[in-house]
1. Apply the a/c threshold of 1.5 to the C-alpha gyration tensor of the range 77-226 and tell me whether it is rounded, prolate or oblate.
2. Specify whether the C-alpha gyration tensor of the range 131-413 places it in the rounded, prolate or oblate class, a ≥ b ≥ c being the square roots of the eigenvalues: rounded for a/c under 1.5, otherwise prolate if a/b is larger than b/c and oblate if not.
3. Rounded to the nearest 5, what % of the DSSP beta bridges within the chain are antiparallel ones?
4. If you wrap a convex hull around the C-alpha atoms of the range 10-123 and split its volume per residue, what is the figure in Å³?
5. In the range 316-414, if every C-alpha pair distance is counted and binned at 10 Å from zero, what percent goes to each bin?
6. Relative to the longest principal axis of the C-alpha atoms of the chain, give the angle of the C-alpha long axis of helix 76-86, reported between 0 and 90° and rounded to the nearest 10°.
7. Order of Thr211, Thr262 from fewest to most other C-beta atoms within 10 Å?
8. Pop out the ³J(HN,Hα) list for the range 181-194 in order, Karplus 6.51 cos²θ - 1.76 cosθ + 1.60 with θ = phi - 60°, rounded to Hz; leave Gly and Pro as x.
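Read the figures in this text as sums done on the coordinates, not as results from a lab. Just so it is clear, the structure is predicted and the values come from calculations on it, not from any experiment. Here Cβ is always computed from backbone atoms with ideal geometry, including for glycine, and neighbour counts include all displayed protein chains.
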Amino acid sequence: MSSPTIAQPLCLRHPVLRPLCVRARITRLIVDRILDQVPVRAVYPDGTVRGGGGPDAPVLRIVRPDSLFERLAHNPKIGLGEAYMAGDWAAADGTDLGDLLTPFAARVAQLVPPYLLRFRRVVDRRVPRLRRNTPAGARENISAHYDLSNALFAAFLDPGLTYSSALFDHDVPLAAQDLEDAQSRKVERILDLADVGLGTRVLEVGIGWGTLAIAAARRGAQVTGITLSTEQLQLAQKRVADAGLVDRIDLRLQDYRGVTGTYDAVVSVEMIEAVGEEYWPEYFRTLDQLLAPGGRVALQAILMDHDRMLATRNSYSWIQKYIFPGGLIPSRAAIDETVKRHTTLTVDDDHRFGADYAETLRRWRQRFVANWHVVRAEGFDESFRRAWEYYLAYSEAGFASGYLDVTQLRLTRR
């Protein structure tokens with residue numbers, strides 16, 4: 001399989017030009033100042049140490065300074081991740097990558113000097129229009145991630161193949177809890193939120209690999225589930241057949257905009273992040289139109305602070321380029337505003353559990369690293385390995401620091 005395409009700035013392609021490439025040298029000065037504000041230690045190849053951390057702080061090992069700072073100068077939003085993919089920097093031996101990134105995530109809004117924020121419009125690259133989530137675009141965006149390989153996801157997810165935050169029992173030590181049990185707890189809670197039981201007509205928007213649909217059917221519900229991933233659909237249909245629930249579950253390759261019918265419960269777990277801000281009104285309006293009188297919508301959604309969402313919603317990030325094309329994390333305020341303006345629904349329940357997502361991601365990353373030989377056998381290369389390690393650690397840091405959150409929301413008619 002082809003590797004992600006890592007940008008090669010001009011001064012990396014033509015080393016003879018490096019004496020003229022002053023942006024990288026300026027970037028190093030800025031980065032060194034940022035490092036001194038963060039409780040980490042950064043070690044250069046010549047032994048120079050920067051950072052505000054003590055002897056027990058996480059250690060960032062800078063392997064190729066010229067390449068690192070050239071990539072950051074070329075594109076600050078994408079360059080750090082590309083530099084990790086290229087091996088320009090790493091977590092030092094004995095330092096966990098998630099632990100290293102968390103202090104940065106916790107201070108992300110304060111690290112960049114105010115005078116540099118004035119240049120955001122110059123530095124930020126806009127999201128490519130080809131990544132718009134039109135019906136055709138959404139299919140391509142979903143396929144780019146979820147159709148990579150079922151074996152890839154099986155290598156790091158729990159046996160139930162649940163690719164969203166688990167819900168842990170906070171009365172029991174985390175080390176004593178099984179990830180599959182915590183995922184099942186999450187599924188059962190959101191089904192309870194939607195009041196799913198015997199005879200309930202359920203629509204699931206974004207089926208994953210069928211775990212929630214199977215759980216709902218086992219309660220006696222009649223389930224319609226949709227996805228845009230052919231890989232997910234094929235395996236989910238097999239799992240439904242193996243569970244003996246074909247008569248209760250109808251899974252389809254279909255966009256949410258094409259669904260018809262009436263449902264007592266609409267459930268969607270971490271799918272809104274793939275909808276795109278442009279289509280949030282249509283998404284919520286569609287759910288409203290499909291919901292029967294007295295019905296409930298139950299969503300699990302990743303959230304970010306509203307001001308941060310507004311500041312970053314139009315800029316092209318590393319996550320969008322390499323992991324989730326077309327993706328955008330909403331804020332609770334954005335959801336409330338969209339629902340109020342375009343539907344008859346209102347949010348009447350909000351359960352946050354962001355720390356549980358940090359733990360979920362940590363376990364996924366541990367399994368990904370331990371099972372890399374399985375992933376490599378699928379044709380993925382070293383650049384892909386580093387990209388996905390970075391993605392999982394970067395996301396973990398977001399939740400561990402509180403920069404990101406996750407919630408289960410219930411929506412009912414006003």
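1. Working: a/c = 2.16, a/b = 1.53, b/c = 1.41.
Because a/c hits 1.5 or more and a/b exceeds b/c, the range 77-226 counts as prolate.
2. rounded
3. The antiparallel fraction comes to roughly 50 percent.
4. Values: hull volume 12.4 nm³, N = 114.
Each residue corresponds to 109 Å³ of Cα convex hull volume.
5. It works out to 14, 33, 30, 16, 7, 0, in whole percents.
6. With both axes taken from Cα atoms, the answer is about 80 degrees.
7. Ascending Cβ contact count within 10 Å gives the list Thr262, Thr211.
8. Result, ordered by residue: 5, 5, 5, 4, 4, 4, 4, 5, 5, 6, 5, 4, 4, 8 Hz.
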